[in-house]
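The values are calculated or read from the model by the stated rules, or taken from the named source; none is laboratory data. Small disclaimer: the values here were computed from a predicted structure and weren't measured. So basically every Cβ, Gly included, is an ideal-geometry build from the backbone, and we count neighbours across all protein chains shown. To get the accessible areas, we keep the full protein, side chains included, count just its heavy atoms, and leave off ligands, DNA and RNA. Shrake-Rupley method; radii C 1.70, N 1.55, O 1.52, S 1.80 Å.
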Amino acid sequence: MEKEIDEQLKTVYSQWLDELKVVAPKFLSEDRYSNPYFACVPKGWCDSDVRILIVGEEGHGVWGRGKSEGIGADDIQKIQEYCWCSLVSYLGYEPKHELYPIQDKYEKLGSPFWNRARKLSEYGICAWTNLDSIHILGDSCELPDEDKVKLHSTKIKLLSEEIRLLKPTHVVFAGWYGISLKEELPELYAELYPNGLGDNSVWKKKVVYRQMDGINYICAYHPNWGARQKGYEDEVMRVFLETLKKSGGEPNEKDVAVCNGVMHCVFPEG
């Protein structure tokens, strides 16, 4: 089943790239932009009762999902492998992988982002993606608003498609951008911004939980902010654990074994 989902993801990513080449080719041609983030399917994902899709705001750093090593945006499987190697390395599922040898400052310091992710991974199998699949290379990684609008102007909405194909039980946001969310998940956007982008009354300094189409959505600030606020990261975990109680209790031994053991992704031969 994981191989089938992986092939479906590859098809979506390929079609999205074809669209992006028409509506916003600069993201793929200019050196200042990273490669896209392409998610992969962990082995055991479909058998797990607790499937957590962690959604970041965007990527970070100068390596650009293998761009600095010469990987092109059209090499979808290579980018998936690169993203997988970073995921399993940061979560501690495997030692640092040869495809992802970089020891960046966030890993050395134990970044708040991965601290939260590791806590979540104790309760279920994790996959990872980003709301903005492309970022600006360097420390100032966030796209300007006009670029966010352009990136999400394709008919194919990557995050929506990833959720549709992966069928996570939980989607946990580590921050988000309203401009991007409006295009990717309009129903969730309407819940968070009932009066438009200027309205932060629902989510300001809060952890927001919504269940939509059987999926538990937890919308939390980026952990870099959360770690500086007393009790905020504890609240993220409290909300998450409450969803497990509502769904019938703690994860079973199968899920814990997958999370604490070695996690592999599915990559077809050739």
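Can you find a residue that is open to solvent by 40 Å² or more (accessible area, probe 1.4 Å) and polar (S, T, N, Q) anywhere in the stretch 177-185? Within the stretch 177-185 (the criterion being open to solvent by 40 Å² or more (accessible area, probe 1.4 Å) and polar (S, T, N, Q)), the answer is no, since none of the residues qualifies.
Identify all residues within the stretch 126-140 that are open to solvent by less than 20 Å² (accessible area, probe 1.4 Å) and in contact with a Ser or Thr (Cβ under 8 Å, 6 or more places away or on another chain); write none if there are none. Those that are open to solvent by less than 20 Å² (accessible area, probe 1.4 Å) and in contact with a Ser or Thr (Cβ under 8 Å, 6 or more places away or on another chain): LEU131, ASP132, ILE134, HIS135.
Here is the figure for the stretch 210-242: residues that are open to solvent by 20 Å² or more (accessible area, probe 1.4 Å), in a helix (DSSP H, G or I) and more than 15 Å from GLU57 (Cβ to Cβ) total 7.
Inside the stretch 146-157, residues that are closer than 21 Å to GLY64 by Cβ, open to solvent by 40 Å² or more (accessible area, probe 1.4 Å) and touching a residue at least 24 places away in the same chain (Cβ under 8 Å) make up a count of 1. Within the stretch 162-176, if we keep just the residues that are touching a helix residue (DSSP H, G or I) at 6+ places or on another chain (Cβ under 7 Å) and more than 19 Å from GLY59 (Cα to Cα), the residue that is surrounded by the fewest Cβ atoms within 10 Å (Cβ to Cβ) turns out to be LEU165. For the stretch 131-188, the helices (runs of 4 or more DSSP H) that sit wholly inside it and include 3 or more residues that are touching a His at 6+ places or on another chain (Cβ under 8 Å) and modelled with pLDDT of 95 or more are 178-184. Restricting TYR177, TYR189, TYR193 to residues that are touching a residue at least 40 places away in the same chain (Cβ under 8 Å) and among the hydroxyl-bearing types (Ser, Thr, Tyr) narrows the list to TYR177. Tallying residues that are of a type in the set (A, V, I, L, M, F, W, C) and under 12 Å from the mean Cα position of the chain (by Cα) within the stretch 11-40 yields 3.
Out of the residues in the stretch 186-244 that are among the aromatic types (Phe, Trp, Tyr) and within 16 Å of PHE113 (Cβ to Cβ), which is farthest from the chain's Cα centre (by Cα)? By that ranking, first place goes to TYR232. If you go through the stretch 41-55 and keep only what is within 15 Å of the chain's Cα centre (by Cα) and of a type in the set (D, E, K, R), you end up with just ARG51. Only one of the numbered conditions (1) more than 15 Å from the chain's Cα centre (by Cα); (2) without any contact (Cβ under 8 Å) to a residue 60 or more places away in the chain; (3) open to solvent by less than 70 Å² (accessible area, probe 1.4 Å) is not met by TYR123, and that is (2).
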